[in-house]
Structure formats: structure tokens, C-alpha cells
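The values are calculated or read from the model by the stated rules, or taken from the named source; none is laboratory data. As the structure is a prediction and not an experimental result, all values here were calculated from the model. Positions of Cβ are generated from backbone atoms using ideal geometry, with glycine treated the same way; all protein chains shown enter the neighbour counts.
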Amino acid sequence: MVTRGFSSGRRPPADGDARIPPGQYLEQGFPVLSAGPTPRVRTEDWSFTLKHGPRPIKKWNWTEFNALPMTKMTRDIHCVTAWTKFDTPWQGVLVDDILADAGVEPPTGFTLAHAFDGYTTNVPVADLTAGKAMVALLYEGKPITPDHGGPARLLVPHLYFWKSAKWLNGLQFTTRDEPGFWELRGYHIYGDPWREQRYTDDP
Amino acid sequence: MSDAAAVQSPWQTAGIVRIEKRTPRVTSFFFQPSRPFAYRAGQHVDVRLTAPDGYQARRSYSIASAPETSGAIELAIEKLDDGEVSPFFHEVAAVGDEIELRGPLGGHFVWPEDESGPLVLVGGGSGVVPLMSMLRHRAARNSAVPVVLVFSVRVWDEVIFRHELIALDERQDGFDLMLTLTREAARRPADYARRVDVAMMVQAMTRLPEPPGIAFVCGSNAFVSAAAQALIDAGVAAEIIRTERYGV
Ligand SMILES: Cc1cc2nc3c(=O)[nH]c(=O)nc-3n(C[C@H](O)[C@H](O)[C@H](O)COP(=O)(O)OP(=O)(O)OC[C@H]3O[C@@H](n4cnc5c(N)ncnc54)[C@H](O)[C@@H]3O)c2cc1C
């Protein structure tokens, strides 16, 4: 439906078109989205736990985690509130390398990412492995600020950005695809920006 | 995690049935959805504008009206001069126009919740909109839940819903209004003239008979960060603070 009198919209630049998913606009800044206040997690208090259901597989402290292989990843990111940001440079530990260090193959097809503030989000294993996702520790070469999820956040750049849990403290394998925090509150269970899967009932 | 929202919210058209200027920069638009829906206080809708060549812009707007209100839903939109969508509403949209929207959306920034006790509301500018829905909801239900609203704006004339808020305050039914003006002197004895800070939040807590069960903070990103931190520094548990950020 054409809206009467709306013609002067701010169209995306022609060369960027194919990189902007439907319903998104290009953002130069880096807005912040979260459900509550910003937790301040000190690296001394930080830890990351890999679990299978309730059972811990392996736990790393900050020093141990930083000794894992580091990988750089520069990706476009897409927030469900409609902004897209090109070429965000991250550095961290691939989920593949975390699993290798723990010496496990994924025991199930699904995970829940957990955060220090109690936030959770579900991501299928297939979207985390084969170089697709990492636990990011640096943004633009510097420690990630608390606002943006530091000390460590999940980075799953091909899904809407709420899947890239901030203030990450664990990853848990689950038997079923269990909805996380926003997924229980009306957001899509998978969240593919290219299929515009924003809300529960989007196809 | 009690509020699983099984939303069915496809795009639909809604007619603008009334337009009311609230402040020099904020105007309320009343929409009559073609398929009316129930919503909870604090939720929002997405609106979508489509140009003749198919280009679309979409934005979120909180619902200002109470869930009890039958008929049109109120959106209060602040004009950002260099924005894409808000100037369209202020300069082009007229009564009788049809706009596409979907909702209700958002299942976290909603009141009431099962376990909620006294309520702290902190709004910056148009961030007061979902808080207004909560206050209207409370008034419609004749609820006695103690509430304090800390509402920060630049000047007195930018206090959105001013008459209604002051009228609610004067009922003395457990709702307390604290206005803070950041670029003008305070007008009422109970008000402040500075940015939201810890001391102000400590004061806000003293207006409640017991510690809050839940706090809602809404406004620009910078405002929400500062206000949520001030609440924490004033002794409010981070777990009970819910935030809604309007972006830049
Ligand atoms: C859940 C939620 C609820 C909300 N509720 C309300 C509400 O009740 N009332 C309300 O008024 N707002 C609300 N908002 C904010 C609203 O969604 C819009 O962000 C706001 O109206 C601005 O939209 P706009 O199109 O006018 O401005 P935009 O075009 O989005 O621009 C916003 C600002 O960013 C800058 N900008 C962005 N992109 C560009 C660009 N490409 N080039 C140059 N500058 C740019 C502009 O300087 C402008 O000042 C809410 C937001 C959320 C997420």
C-alpha cells in the first residue's frame, strides 16, 4: 500500500543495496539495544562455561579463554530495530575452537547462549560452527565496551543481532530448540534478516 | 519468563482519526486499526511507510493509550527535524489517511507483571509514552499500587501530557510525579532542574512506602544508560530494572 505523501524517503546508496536486508536501513553509528541496565563484569570475575543440559563440560577463566586461538571476523550486522551496519571488525575465539579445546563434538543440534544478566538466546549448532560464529573479545582492535557486551559477547552475524548475546558467560547444548529471552517475548525463534524473521509469526 | 507472547501481528491498515498537538515537538496521532487488537501497557507497534516506487521505511512507536481504551490507539511522535519518518507524520499525515501498522509488539517492557510491587517509572522526553500507558492503565483500574514517575525534559513546555500528569498527581492516590527540567528552573516545589542523577533517584525512592518491585526506564539510549545506572547506584537491584531504548 502506497502511503499518501511519502516519497522523499532516505533510500540506501545504490552500491550498498544488495547488502541491506529487507526493511533495514544503513546506520553509521553503533546503537545499543538491551532489556535492562548494563552489567559491569570485571575480567577477574569473568568465566565461560560450556554445558550439555545441566552438566558442565568445561569452564574457562579470562586468562585461559584468551589463550585459545584468536580469529578476526569483519561482518555486516543487522539489528531487529531496523539498522544495518557494514564491516564491523571483531576478534575472538571461534565456537569451533572452543569445542576443539573442550575436546567434544556437538552432542545435540541446538544451544542456548547464557549471559551474566540472565539473558538467554537460542541458536542452532549449525549456525555456530564451521567458522560462522565466535565469542568476540575485541571490537575495532580494542576490548568490547560494557555497553556493547564486553568483556565477551557472542557474534552470530548472519542472524538478527539479538542472537549475538552480550555479556556472555556460557553456551549450553539443548536437546530441543528452546526459546530464549526475546524469543519468549514475541521475537522469531530463528531470526534470519534476509527472510525478515523479526516476530514470532513471521514466516 | 511468564509472559510468553503468542503474538499474531500481521501488517494491517489503520486510519488516522484524530491529531492532537501535545507540545511544540510532540504530536499525538490516534489510529483506528482495521482489525482492532488487545495490548498491554508498555507495548509498541511498528509503522511502515511506502513510497510510490516501493521503498519502505519502518519505525517503532510505543502505545500511549491504556489497554482499557476502546477504539483508537494513541501514538505520541516527537519530530526529529532531520529524521525520515517522524517529520512525515508532523508535516504530511492528516486525519483520514491510512497507515500500515502491526502490533502489539514487545513482551518485556510491559506492566503489570505477576510479582510487581511499587513501581518506579523513569522517562526522558518521548520515553514517557509507554509509561503514560501504564499510568492510564493504573488509573482505569483504580489501582492503588504506589508509583513514582521521574520525567526529564528540557523545558516546562515540553512536558508531554502535562495537564493529565498533574491531574493524576493531585488525586493523591499513590501516584507521585517528579518533573525535572534540564534547561529551565523548576516550576513546582516537588520538581528539579537538572539531569537525572543518584540523589534524585534516592529522593524518588523516599516517595514510595516500600522498595520498588519493578522499574521501567525509557528514552534515548544515553538517557536510559544514565538513568538505569543512577537507579542502581541508588540501591535498586539491576534485576528489577527494565529498559526500552529509542535509539540514537
Ligand atoms: C520500541 C520503540 C518505541 C519507540 N517509541 C517512540 C515513541 O513513542 N515516540 C517517539 O517519538 N519515538 C519513539 N521511538 C523512536 C522511533 O522509532 C524513531 O526512531 C524516531 O521517530 C525517529 O525516526 P525518524 O525516521 O524520524 O528519524 P531517523 O530517520 O531514524 O533518524 C533519527 C536520527 O538519526 C539520524 N540519522 C539516522 N539515519 C541517518 C542517515 N542515514 N543519514 C543521516 N542521519 C541519519 C538523524 O540525524 C536523526 O536525527 C521508539 C523506538 C523504539 C525502538
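Figures for the structure shown
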{"read-out": "Selection count where residues are in contact with a helix residue (DSSP H, G or I) (Cβ under 9 Å, 6 or more places away or on another chain) and among the small types (Gly, Ala, Ser), scope segment A:103-127", "value": "3"}
{"read-out": "Every residue from segment A:41-65 that is among the hydroxyl-bearing types (Ser, Thr, Tyr) and either surrounded by 13 or more Cβ atoms within 10 Å (Cβ to Cβ) or in contact with a strand residue (DSSP E or B) (Cβ under 9 Å, 6 or more places away or on another chain) (or both)", "value": "A:43, A:47, A:49"}
{"read-out": "Segment B:86-100, residues that are within 12 Å of the ligand (Cβ to nearest atom) and crowded, with 19+ Cβ neighbours inside 10 Å", "value": "B:86, B:88, B:89, B:90"}
{"read-out": "Conditions (1) assigned to a loop (DSSP other than H, G, I, E, B); (2) at pLDDT 95 or above; (3) over 26 Å from residue B:16 (Cα atoms): number failed by residue B:116", "value": "(2)"}
{"read-out": "Every pair of residues 6+ apart whose Cβ atoms lie under 9 Å, when the first sits in segment A:70-94 and is within 14 Å of chain B (Cβ to nearest Cβ) while the second is outside any strand (DSSP E or B) and among the aliphatic types (A, V, I, L, M)", "value": "A:78/A:20; A:78/A:159; A:79/A:33; A:80/A:33; A:81/A:33; A:84/A:20"}
{"read-out": "Filtered residue count, segment B:37-58, keeping only those that are near the ligand (Cβ under 10 Å from one of its atoms) and either free of Cβ contacts under 8 Å to residues at least 40 places away in the same chain or in contact with a Leu (Cβ under 9 Å, 6 or more places away or on another chain) (or both)", "value": "8"}
{"read-out": "Single residue of segment B:226-246 satisfying the filter (acidic (Asp, Glu) and assigned to a helix (DSSP H, G or I)) that is farthest from the ligand (Cβ to nearest atom)", "value": "B:233"}
{"read-out": "Residue list for segment B:222-234, restricted to those being in contact (Cβ under 8 Å) with a residue 12 or more places away in the chain and more than 20 Å from residue A:116 (Cβ to Cβ)", "value": "B:223, B:226, B:227, B:230, B:234"}
{"read-out": "Residues of segment B:59-74 that turn out to be near the ligand (Cβ under 9 Å from one of its atoms) and surrounded by fewer than 24 Cβ atoms within 10 Å (Cβ to Cβ), as a count", "value": "2"}
